[in-house]
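The values are calculated or read from the model by the stated rules, or taken from the named source; none is laboratory data. Fair warning: this is a prediction, and the values are worked out from it, not measured in the lab. Backbone-built Cβ (ideal geometry, glycine too); neighbour counts: all protein chains shown. In case anyone asks, the SASA skips ligands and DNA or RNA and just uses the protein heavy atoms, side chains included. Shrake-Rupley method; radii C 1.70, N 1.55, O 1.52, S 1.80 Å.
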Amino acid sequence: MKSKTEAIILSTMNLGEADKLVTFFSLDRGKLTGVTKNARKSFKRFGAGLEAFTNCRLHLYEREHQELIRIESSDIVTQLFTLTNDLDRVATGSVILELVKELAPECERNAQAFLLLAHILQLLDDGEAPLFLLKIFEIRFLSLLGYQPKLDRCLSCGGQPKGDMIFLGMKGGVLCPSCLVSSGDPQARLSQGAVGFYYQALRMELDKVCRLKPSAVIMRELDLAFSSHTFHILGKRLRSVEFLRTISAL
Ligand SMILES: [Zn+2]
């Protein structure tokens, strides 16, 4: 059976002499992995259309009882040229792609998540602040996948935040200081400013979201809270985050 779909390439891996294993996030069917036969020898069919970050139209072929989809060819829709020439942007983009690869369920359509990914990568390529975009992506993508943390009320007493709250990655929510019994788990403090920014970033139209200007303190608070949150969802740290931290520290 032949089909085609718009997709963003998440990663590729060489397979044998000439083939490639390609993981992509598609508009119609969510995350999938396919194989390209002779991709490394056939520049005509694929060109640069299988490189990470590329938004392309993939032509697929599937047979019953065959485990892997075959990718027949790829037409580029958008190639992010600036992004691939700028280390900061590539490092940030790599965290975004790894988040999708690790978190998105196989073969489950999520058009909103696809459009979010395409839009954020485009903004990254257009020159918007990389770490800000990463935060916006994390906040909205986790929510679209059903992993939205609960920050508006204390998990224990239900009280609304009046001052700083404590984020518990393990529970995916916040506790007020009077409900917190120190358990030795790593905790991240979230100020009211950070919680306010979180809900704006979640609900605002994506076109307008770049007008938000969170302070460095707010960004740091959310960074700690979200790395703890994704760590508890995935049970591991993302590899590309280490690279991004190294680049950012330079
Ligand atoms: Zn409480």
- Query: How large, in percent, is the carbon and sulfur part of the accessible surface of region 197-248 at a probe radius of 1.4 Å?
  - Reply: 55 percent
- Message: How large is the direction-averaged shadow of the alpha-carbon convex hull of the chain, in nm²?
- Response: 15.2 nm²
- Task: Quickly work out the SER156-to-HIS232 label distance, labels modelled 7 Å from Cα along the C-beta direction, and quote it in nm with one decimal.
- Result: 1.4 nm
- Considering only protein heavy atoms, what per residue accessible area in square angstrom results for region 1-156 with a 1.4 angstrom probe? 48 Å²
- Query: Which order do ILE76, ILE218 take by accessible area at a 1.4 Å probe, largest first?
  - Reply: ILE76, ILE218
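Report the full-extension gain for the segment SER248 to THR82: residue separation times 0.36 nm, less the Cα-Cα distance, to one decimal in nm.
Gain on stretching SER248 to THR82: 57.9 nm.
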- Message: I want to check the label-to-label distance for SER215 and GLN148. Put each point 7 Å from Cα in the C-beta direction and report it in nm to one decimal.
- Response: 2.7 nm
- Query: Where Lys and Arg each count +1 and Asp and Glu each count -1, what net charge lies around ALA104 among other residues with Cβ under 14 Å from its Cβ?
  - Reply: -1
- Message: Past 22 Å, Cα to Cα: identify those pairs from LYS20/LYS101; LYS20/LYS236; LYS20/LYS135, in the order given.
- Response: LYS20/LYS236; LYS20/LYS135
- Message: Less than 16 Å apart at the alpha-carbon level, and either on another chain or at least 8 residues along: which lysines does that give for LYS150?
- Response: LYS162, LYS171
- Query: What is the sum of charges around PHE81, taking Lys and Arg as +1, Asp and Glu as -1, for the other residues whose C-beta is under 15 Å from the C-beta of PHE81?
  - Reply: -3
- Message: Can you give me the distance in nm between label points at ALA48 and CYS179, each placed 7 Å from the Cα along the Cα-to-Cβ direction?
- Response: 5.1 nm
